[in-house]
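The values are calculated or read from the model by the stated rules, or taken from the named source; none is laboratory data. The structure displayed is predicted, hence computed values, not measured ones. No Cβ is skipped: glycine too gets one built from the backbone with ideal geometry, and neighbour counts run over all protein chains shown. Note: areas computed on protein heavy atoms with side chains; ligands, DNA, RNA excluded. Shrake-Rupley method; radii C 1.70, N 1.55, O 1.52, S 1.80 Å.
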Amino acid sequence: MSKVILFTQQITPAEQDYPRPERAQKGNPLRTTWNHFTNDTGEVFSGVWASEVGSWRIEFGPREDEFFFVTEGRCRIIDQAGNASDAGVGESLVIPANFRGVFEVLEPMKKHYVIVERKG
């Protein structure tokens, strides 16, 4: 039976990681993810993500899109042409499929995210 997922009522273990060395740009920020939801097909993921200050290169796949809403801190996303988009508390971003660039955490941040990674 399907049910609504209320993040504040979830007991989700935190997963922690650091940027892969070959992608790290500035610092070695600890990143923490609480993935509260994965759909039955494994194509949709949603939860809360936090990071310390730092930056790393990101590469999205051809079927992978992410929407996120910043709840704490500030970040900057820089595309391959050098165009920067900053987001702070209360702002939302979409990172589209095939995006290549840099994710920079300017102030320790938290975001709520939805990732769609279509199969096939």
Margin query: Residue pairs, Cβ under 6 Å, 6 or more apart or interchain, first in segment 6-23 and in a loop (DSSP other than H, G, I, E, B), second aromatic (F, W, Y). List them.
Written below: T12/W34; A14/W34; P19/W56; R23/W56
Next item on the list: May I ask you to verify whether I5 is at negative phi and open to solvent by less than 50 Å² (accessible area, probe 1.4 Å)?
Entry: no
Margin query: Among the residues of segment 27-34, are any without any contact (Cβ under 8 Å) to a residue 24 or more places away in the chain, in contact with a Phe, Trp or Tyr (Cβ under 7 Å, 6 or more places away or on another chain), closer than 26 Å to K3 by Cβ and open to solvent by 40 Å² or more (accessible area, probe 1.4 Å)?
Written below: no
Checklist line | Positions within segment 78-99 being closer than 25 Å to T38 by Cβ, assigned to a strand (DSSP E or B) and touching a residue at least 24 places away in the same chain (Cβ under 8 Å), in sequence order | finding: S92, L93, V94, I95
Check: All but one of (1) over 19 Å from V105 (Cα atoms); (2) open to solvent by less than 70 Å² (accessible area, probe 1.4 Å); (3) in a strand (DSSP E or B) hold for F37; which doesn't?
Finding: (2)
Check: Given the conditions (1) within 24 Å of I11 (Cβ to Cβ); (2) surrounded by fewer than 17 Cβ atoms within 10 Å (Cβ to Cβ); (3) among the hydroxyl-bearing types (S, T, Y), which single one is not true for S46?
Finding: (2)
Note to self: I'd like the full set of residues that are farther than 15 Å from I77 by Cβ and among the polar types (S, T, N, Q), limited to segment 26-62.
What the structure shows: N28, T32, T33, N35, T38, N39, T41, S46
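Which of the residues spanning segment 56-77 are outside any strand (DSSP E or B) and open to solvent by less than 40 Å² (accessible area, probe 1.4 Å)? Lay out the reasoning, then the answer.
Taking segment 56-77 and keeping what is outside any strand (DSSP E or B), we get 60-63.
Within segment 56-77, F60, G61 qualify.
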Item checked: Single match in V105, V44, V4 (criterion: at pLDDT 95 or above, aliphatic (A, V, I, L, M) and over 12 Å from the mean Cα position of the chain (by Cα)) -> V44
